[in-house]
Amino acid sequence: MNVLKPHLRTTIWTLLQANASQREIARVTGISRHTIRAYQQRFDAEQANCPGVATDSEAVATQITPPWPPAPASMAASLCEVHRDFIQAQLLLRRNAMAIYQDLVDAHGFTCAYNSVKRFVHNLHKKTPEQFDRLSFLPGEEMQVDYGEGAPTLVPGTERYKKPRLFVATLRHSRRSFRRVVWKSSQQVWAQLHEQAFRYFGGCPQYVVLDNLKEGVLKPDLYEPELNPVYAAMLEHYGVVADPARVRDPNRKGTVEHAIGHTQATALKGKRFESIEAQNESLEHWETNWAAKRIHGTERQQVQAMFEAERAHLKPLPLLGMQYFTQGVRTVCDDSCVRVDHSSYAARPAAIGSKVLVRIFERRIEIRDLQGALLRTHAKAERPGSVVLPADERVFNPSRETRQILRQAGQIGEHASRLCALMFAAEGRVGQRKLWGIVGLTKRYPASCIDSACAQALEQGIYSYKRVQALSEGLFVSAMASMTEATNTGSAALADGTGQDAHLAQQHDLIRQADEYADLFTHAAMAASAVVSKAKAGPKADGVQGGQA
C-alpha cells in the first residue's frame, strides 16, 4: 500500500467514515482507487476488531489535525507609554534613543531597560507610506520631457567614448515617446528637440511638463516661473503652454522618468555606438518595433494603438518652423539708435538712455521693450558700420557729448574743427562715432598731421573718418622718412674726407617748421615712455589692466 502524506490519510479516513464511495473519494482527492481500496480494507478490519475503541485512523486524524491554537492575547502596553509626550518632544529635538533613555532614568525614575525605549522610539518613527493617486489624462493633453544619459558614443576625432545627453518626450495619455541623443545642450538645442518631437508625433499637446533646467526655466517659481526667452518664443509659436514641475518633485513627471529608465535598461544597456547618428537610428528602430508595440501594464492596451487614437486630438502644426534668435539688452544712444554688431538701428519710440531688448535673427533685428512688446523691426545690415535710420528721425541738435567732441577737435586744429562741424551738420548725432574716430587719431599721430589730413579731406570734399585716417598715416610716414633722410644727410656732411664741418642748409622745401618736429618728438617720447613703463610693470600689471579694460 502506498504511504500517503498525513493530511491525505486524514481526508480518506474522514470520507470513509461518512460512507463515501471509493469512486467519489478518488474524484475528490485525485488518489488512485487501488490505494483507496487498501485503506478501505484496513478501515473495515479495524472497525470489526474494536468497534468501541478509537481506530488508528482516528488517532492519526487526531494527531495530524490538532485544534486551532487559541487567539493570542493582546500584547501588554509598553512601560514607555506613560512617557509618550516627553519622548515625542525629545524626538522633535532630533535626540536619539540613548539620550532619551538616560533622561528618563535620571529625571523620571525609569526602571526598564534601554531596549524598551529603543523599541518604543522605533514604533514612533514608523511612517505611513505616502499614497499616490493614479492620474488619467485626456488624449493630446500633456507631454512630459526630460534629459537623461545615453549609451557611450565615440567622440568625433578621438578614440574616447562619452555618454551624450538623452532627450525623451512622452505623451502622457498613450505613453508614445520620442528619443534623441545630442552631444551638448543649449537654449536653442532644447527648443529644437521639442520641435522635432512635435513633428514626430504629427501635432502639439496642450501643455508640456518639464524639469527646472536652465535651458527651459531661468527662475523656478510655483506660480510665475520665468521661462527662457527662446524656449518661451518656441512654445508660443506652436501654441503650447509650459508647466514646470515643482523643485525636487520628480513624481509630477513620473511617466517620462520611467521612459528614460526603460530606455537605458532595455534599448541602450551594454551597448556602444560609433556616432550619434547610429545611436539615434537604433533608438528609433527600438521605439517603432518594440516599445510602441508593447502592451502597457496599467492600461492593458498596445501603446501604438493608444497613440493612433490620440493623434487626432493633437493640435495641428504651423506651416513654418520656429525662427531662432539671440537676445540681449541694449541702451538707446543719444542718436536714438542701438548698436548691434557695429551697426546702428533706429529704436524710436524708445526714449534716449532707456533699456530695450534686441532680438537678432538671421535676417532681421527686432527691438522690444523690457516687457516684450515689439517696437521696431529692421532688416539686418550686410556690412558693419551701417546706419539704419530714416532721415526724418535723425537728431541734429548738439548734445553735451557733441560739444565735447567739437571742443577736442578744436584743440587739434582749425581744419579738424571745421571738418567735424560739417560732418555733424550733415549726419547729425548718428555721425558722432566718426567724430570720435577723428579725435581718437591723436593717440597715434601728431595733431599737425591730423589737421593737415583734415585740410586735404576738405579740399577733396570727402567727409569720412577712413579718409582722414589714411591721409594722417601717409603724412606721418612721409614726415618720418624726411627726418631720416635729413639725419642721414647731416651725418654724411659732418663726416666728409676733409675733416671740416660741412655747411648745413637751414631753409628748404623739405624742411618743416620747428614746432611740427617738436610735436613729432613729443609724441614719440610719450610712446616710448609708455612702452618702458609697461615693460617695468611686467605681466601682472598687464593682467590687471586687461581685467579693468
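Once the Cβ-Cβ distance of Ala530 and Arg418 is raised to the sixth power relative to R0 = 41 Å, the FRET efficiency obtained is 0.85. Share of carbon and sulfur in the accessible area of the range 292-405 stands at 51%, probe radius 1.4 Å.
Once you order the gyration tensor axes a ≥ b ≥ c over the Cα atoms, which shape class does the range 386-496 get: rounded for a/c under 1.5, otherwise prolate or oblate by comparing a/b with b/c?
Judged from the Cα gyration tensor, the range 386-496 comes out prolate (a/c at least 1.5, a/b above b/c).
Taken along the Cα-to-beta-carbon direction at a fixed 7 Å, the label points for Leu317 and Lys271 span 2.4 nm.
The largest accessible area among Ser116, Ser529 belongs to the first residue in Ser529, Ser116, and the rest follow in falling order (1.4 Å probe, all chains). Between Gln196 and Arg23, the modelled label-to-label distance comes to 7.5 nm, taking each label 7 Å out from Cα in the direction of the beta carbon.
Distance between the pseudo-spin-label points of Arg37 and Arg300 (7 Å out from Cα toward the beta carbon): 4.9 nm.
Built from the Cα atoms of the range 279-334, the convex hull projects on average onto 8.5 nm², one quarter of its surface area.
Compute the distance from the alpha-carbon center of the range 356-379 to that of the range 12-49, in whole Å. Between the Cα centres of the range 356-379 and the range 12-49 lies a distance of 98 Å.
Return a whole-number percent for the relative contact order of the chain, with Cα pairs under 8 Å and 6 or more residues apart as the contact set. Don't jump to the answer; show the numbers that get you there.
Values: 659 pairs, mean separation 41.2, N = 549.
For the chain, the relative contact order is 8 percent.
Between Ser478 and Asp392, what's the calculated FRET efficiency when r is the beta-carbon distance and R0 is 45 Å? Round to 0.05. E between Ser478 and Asp392, to the nearest 0.05, is 0.55. Computed over protein heavy atoms with a 1.4 angstrom probe, the accessible surface ordering of Phe198, Phe132, Phe137, largest first, is Phe132, Phe137, Phe198. Pairs with C-alpha atoms separated by more than 25 Å, drawn from the list Lys163/Lys293; Lys355/Lys466; Lys162/Lys253; Lys162/Lys269; Lys380/Lys443, are Lys163/Lys293; Lys355/Lys466; Lys162/Lys253; Lys380/Lys443.
For volume of the Cα convex hull per residue in Å³, computed directly from the structure shown, the correct entry in (1) 151; (2) 407; (3) 184 is (2). Once you reduce the range 124-155 and the range 266-289 to the center of their Cα atoms, the two points are 22 Å from each other. Listed peptides 107-113, 394-400, 330-336 appear in the order 330-336, 394-400, 107-113 once ranked by packing, highest mean of other Cβ atoms within 10 Å at the front.
If you sort the three axes of the alpha carbon gyration tensor as a ≥ b ≥ c, you get a/c of 1.5 or more for the range 246-316 and a/b no higher than b/c, which makes it oblate. Cα centroid distance between the range 407-432 and the range 322-336, in Å? Comparing the Cα centres of the range 407-432 and the range 322-336, I get a distance of 29 Å.
Over the range 150-305, accessible surface divided per residue gives 51 Å², non-protein components excluded, 1.4 Å probe.
Label point 7 Å out from Thr288 along Cα-to-Cβ: which residues of the range 180-219 have amide N under 18 Å? Hits in the range 180-219 for Thr288 at 18 Å: 180-181, 196-203.
Only bridges with both residues in the chain count here: give the DSSP antiparallel percent, nearest 5.
The antiparallel proportion sits near 80 percent.
Rounded, prolate or oblate, given the Cα gyration tensor of the range 96-161, with a/c below 1.5 counting as rounded? Here the range 96-161 falls in the oblate category. One decimal place: the segment Glu362-Arg467 gains 34.6 nm when fully extended, by the rule 0.36 nm per residue minus the C-alpha distance. Quick check: residue separation of Ser78 and Ala107 times 0.36 nm, minus the Cα distance between them. What number comes out in nm? Computed gain between Ser78 and Ala107 is 8.6 nm.
Which listed residue (Ala191, Leu268, Val439) has the Cα farthest towards the positive end of the charge dipole for the chain, taking +1 on Lys and Arg C-beta and -1 on Asp and Glu C-beta about the Cα centre? It is Leu268. Ordered from highest to lowest accessible area with the whole protein assembly present and a 1.4 Å probe, Met526, Met98, Met306 read as Met526, Met98, Met306.
Between Glu281 and Leu124, the FRET efficiency from the beta-carbon distance, with R0 = 51 Å, is close to 0.35.
The values are calculated or read from the model by the stated rules, or taken from the named source; none is laboratory data. This is a predicted model, so every value here is computed, not measured. Neighbour counts are summed over all protein chains in view; Cβ atoms, including those assigned to glycine, are modelled from backbone coordinates with ideal geometry. Keep in mind that these areas ignore ligands, DNA and RNA; they rest on the heavy atoms of the full protein, side chains included. Shrake-Rupley method; radii C 1.70, N 1.55, O 1.52, S 1.80 Å.
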